[in-house]
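The values are calculated or read from the model by the stated rules, or taken from the named source; none is laboratory data. These numbers come from a predicted model, not from an experiment. Cβ sites come from the backbone with ideal geometry, for glycine too, and all protein chains shown count toward neighbours.
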Amino acid sequence: MRRILSFLLLLNLQAFAQTDNALQHIKERYQEVNKNISSYRMARVDLPDISTEGADLEGYFTGDTLQLMVHTIYGEMGKMRLEVYYEKGAPVFYYDRDYKYEVPMYDSTFEQHKMAVKEYRGYFYKGKMIRLIDEKNLIFTKRDEEFIKTEQEYLKSAADLYKIIFAHRSSGVSRE
């Protein structure tokens, strides 16, 4: 019995180490993309039917390889900004922010820095979400029904936007 428990403990430690290594790699990928963003070719697509205030999608490419996709939806009471970081064509980090202004942006008392921000983060490894951080900064790793539902929503959103930006990748602007 003691051997079985020792074996199970060893397996759990290895799984934690693998997750920690994957998370560290994702953080390094995030930093690498942001460090090199000025050298990427940017493709931009206006998405006028999403919001009356406007919406756009930007893709940052090296050759035909998507490194980062940024989707922004503007509204009079806030904006939503989604960043999806890629590695070898697969999402590795899903970073969604929802900004809510105190007053409408057309109000004379509007101050852009006065807003509430909710952030959501999804970390992906080998096509699966391995960590989710919600708007309360709570960390989830258990693959329960809600976790898997969120994973599927994130992957679908990323795939839908990927199709749009990839179709417009050649209409980009060089940022050199």
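Here are some notes:
- Selection from the range 20-50 of residues that are assigned to a loop (DSSP other than H, G, I, E, B) and either under 18 Å from TYR95 (Cβ atoms) or modelled with pLDDT of 95 or more (or both): TYR40
- Unmet requirement for VAL45, which otherwise passes all of (1) surrounded by fewer than 18 Cβ atoms within 10 Å (Cβ to Cβ); (2) under 20 Å from LYS156 (Cβ atoms); (3) of a type in the set (A, V, I, L, M, F, W, C): (1)
- Test: residue in the range 3-19 that is modelled with pLDDT of 65 or more and assigned to a helix (DSSP H, G or I): yes
- Within the range 54-70, the set of residues being more than 12 Å from HIS168 (Cα to Cα) and loosely packed, with under 14 Cβ neighbours inside 10 Å comprises THR62, GLY63, THR65.
- Hits in the range 102-140 - residues which are hydrophobic (A, V, I, L, M, F, W, C), surrounded by 10 or more Cβ atoms within 10 Å (Cβ to Cβ) and not in a strand (DSSP E or B): VAL103, MET105, PHE110
- Hey, GLU53 modelled with pLDDT of 85 or more and more than 28 Å from LYS128 (Cα to Cα) or not: yes
- Hits in the range 141-174 - residues which are outside any helix (DSSP H, G or I) and either of a type in the set (Gly, Ala, Ser) or closer than 19 Å to VAL84 by Cα (or both): HIS168, GLY172, SER174
- Any hit, the range 84-93, residues being of a type in the set (Phe, Trp, Tyr), within 20 Å of GLU135 (Cβ to Cβ) and outside any strand (DSSP E or B): no
- Looking across the range 96-152, just one residue is in contact (Cβ under 8 Å) with a residue 24 or more places away in the chain, under 30 Å from GLU53 (Cβ atoms) and touching a Gly at 6+ places or on another chain (Cβ under 6 Å), and that is TYR101.
- Counted residues, the range 54-72 - those being more than 13 Å from the chain's Cα centre (by Cα) and free of Cβ contacts under 8 Å to residues at least 24 places away in the same chain: 5
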